[in-house]
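Report on one structure; see the data block that follows.
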Amino acid sequence: MAAALERRSIDPVPESERHGHPRSLFTLWFAANTQITSAVTGALTVLVGVHPLWAIVAVVVGNALGGIPMALHAAQGPKLGIPQMIQSRAQFGVYGAALPLVLVVVMYLGYFASGSLLGGQAVAQITHLPTDAAIAVYALASALIAIVGYRLIHRFGWIASALSVVVFLYLTIRLVSGHDLGAVLGAPHLDFPKFLLAVSLTASWQLTFGPYVADTSRYLPSATSVRATFWWTYGGTVLGAIWAMSFGAMAYAIAGKAFKGHEVAYVVGLGGEALLIPLLLAIALGKFTVNVLNIYGGYMTVATALTGFGRRAALSQATRIGYIAGVGVIGAVIAILGRGQFLSNFVLFLDFLLYFLTPWSSINLVDFYLLRKEKYDLDALYDPDGRYGRWAWPALAAYVLGIAVQIPFANVEGIFVGPIAPLLGGADISWLLGLIVPGVLYVAFMRRSAALRA
């Protein structure tokens, strides 16, 4: 068993251990998106008041746009062979990278908790365990797969991807064949501000994969082309999400309150009594892929933040397992405590993440593709006294300003509405500014810094 465990943690993967083909990224990310939480996210587009037909359009637009930076991050993995957030030390400094890392940890915990909740609901119905106990079992199983590591995660992705196609094809046929779609999709009125909000929600789904998508590609040979890595990742994540989210939007449009708060029960109910257990099992397994990815990325993010101050470039096997267990326990506790009002809380969670993660993504991608052109000193990423330093003011300043510029345009329903959002009819375009402005500022600050050094 010990020999089967992944040896690498936050340290670079040497060329001798590189393997695989980027097409494995398609099945992994297709499986990560064709699952119940994606369907719930699709339901949000109708929940916020968008007509079902325009909600599906918003699903397509949001995923197509959000998938671009997500897949660009994936292409960083083969070139450097390191976890995504270790690479961000080149922009923010070895210590400074901890600032966005804290928010990324919150993201992982939130997604892991939501995944454990929905997967646990399915397990509870199969086994008749109390829901809290089923959540704990599901979280534990996710942690065990993460402990085994990279190879098993990709192999499970193949299985889960094939299962997702069969299950979602069946459920989609059952959903559309048993209802009058003409009545549901008729008279499509476009409320443009709400449409933009729906686009933001679906784009945020893809953008929040950014901090760990390179973790799943870092074992590919360094000769793997950027184009191949991009398109295999982009195709899997966008196609999978569009299918599952469109299903969720239609399910909410048809069922309304019968779907909200009872997502798992409604979905398995489409199959009838005879298929109850197989569908519950399929939902639990379908959710499993992304749940494992969340705990896998979560432990590496925590390790990246803490080891930066301790000057460590690798983790022992025991320490690695300890980090994974810690993230799993905290995520399971959050899932158990947050079972009420899951859907509405999830809306706020997605909105919150978008404001903080898009500036990080912008800075990271501009640095990798435009400024340093894929060339980094890997040793310096682990040395606070190296060329990247402890704190890097260009990135930190651009990051803070990138968050600040979004505030006037923000519209988090029931929490905060920026002064400009009402002038746009309530439309939330802050995430677009969060993708553009920080990158532009970072380039300007880096040039200014270079001029001062000269």
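Per residue, the chain reaches -23000 deg cm²/dmol at 222 nm when only DSSP H runs of four or more residues are counted, each adding -39500 (n - 2.57). Peptides 396-404, 183-191 ranked from most to least packed, by the mean per-residue count of other Cβ atoms within 10 Å: 396-404, 183-191.
If you sort the three axes of the alpha carbon gyration tensor as a ≥ b ≥ c, you get a/c of 1.5 or more for the stretch 268-311 and a/b above b/c, which makes it prolate. Note on VAL102 and ILE277: their simple-model spin labels are 4.9 nm apart, each label 7 Å out from Cα toward Cβ. Each Cα pair under 8 Å and six or more residues apart adds its sequence gap; the mean of these over the residue count of the stretch 362-436 is a relative contact order of 25 percent.
In the context of the full set of protein chains, the stretch 251-331 has a per residue accessible area of 36 Å² (1.4 Å probe).
Under the criterion of Cα pairs below 8 Å and six or more residues apart, the relative contact order for the chain equals 32 percent.
Multiplying the residue separation of LEU190 and ARG227 by 0.36 nm and subtracting their alpha-carbon distance yields 9.7 nm. Enclosing the Cα atoms of the chain in their convex hull gives a volume equal to 130 cubic angstrom per residue. Based on the Kirkwood approach, the hydrodynamic radius assigned to the stretch 111-199 is 16.6 Å, with every pair of different Cα atoms included. Multiplying the residue separation of LEU370 and HIS128 by 0.36 nm and removing their Cα-Cα distance gives an extension gain of 81.7 nm. Dimensions of the stretch 366-454 along the principal axes, based on C-alpha atoms and rounded to the nearest Å, stand at 48, 25, 22, largest first.
For ALA397 and LEU140, a Förster radius of 51 Å and the Cβ-Cβ distance give a FRET efficiency of 0.75, rounded to the nearest 0.05.
Note on ALA380/ARG447: beta-carbon distance plugged into 1/(1 + (r/R0)^6) with R0 of 22 Å gives a FRET efficiency of 0.60.
Please tell me the relative contact order of the stretch 1-100 in percent, rounded to the nearest whole number, where contacts are Cα pairs under 8 Å and at least six residues apart. Can you show the working numbers first?
Details: 29 pairs, mean separation 34.8, N = 100.
Relative contact order of the stretch 1-100: 35 percent.
Our analysis of the stretch 302-446 gives Rg over Rh at 1.05, with the two radii drawn from alpha carbon positions and Rh computed by the Kirkwood formula.
Could you do me a favour and compute the accessible area per residue for the stretch 150-223, 1.4 Å probe, result in Å²?
41
Each part reduced to its alpha carbon centroid, the stretch 62-101 and the stretch 259-304 end up 26 Å apart.
What's the carbon and sulfur percent of the chain's accessible surface, probe 1.4 angstrom, rounded to a whole number?
Numbers: 11940 of 17040 Å².
Looking at the chain in its full context, I get 70 percent from C and S.
Rg of the Cα atoms in the stretch 79-238, relative to 2.2 N^0.38 Å, amounts to 1.31. For the stretch 23-94, the percent of C-alpha pairs falling in each 10 Å distance bin, counted from 0 to the bin holding the largest distance, reads 15, 36, 28, 18, 3.
Count charges around GLY115 for me, please; just the other residues with Cβ under 14 Å from its Cβ, Lys/Arg as +1, Asp/Glu as -1.
Result for the neighbourhood of GLY115: +1.
Would the stretch 128-178 count as rounded, prolate or oblate if I go by the C-alpha gyration tensor, calling it rounded below 1.5 in a/c and otherwise prolate when a/b exceeds b/c, oblate otherwise? Taking the square roots of the gyration eigenvalues as a ≥ b ≥ c, the stretch 128-178 is oblate. Once you have the Kirkwood Rh of the stretch 1-125 from its Cα pairs, apply Stokes-Einstein at 4 °C and 1.567 mPa s and quote D in µm²/s. Result for D is 72 µm²/s.
Looking at the stretch 10-132, the accessible area is 24 square angstrom per residue; that uses a 1.4 Å probe and ignores ligands, DNA and RNA. For the stretch 187-295, the Cβ-based charge dipole about the Cα centre amounts to some 140 debye (Lys, Arg positive; Asp, Glu negative; other atoms uncharged).
The values are calculated or read from the model by the stated rules, or taken from the named source; none is laboratory data. Since this is a predicted model, take the numbers as computed values, not measurements. Ideal geometry is used to build each Cβ from the backbone, glycine not excepted, and the neighbour counts take in all protein chains shown. Keep in mind that these areas ignore ligands, DNA and RNA; they rest on the heavy atoms of the full protein, side chains included. Shrake-Rupley method; radii C 1.70, N 1.55, O 1.52, S 1.80 Å.
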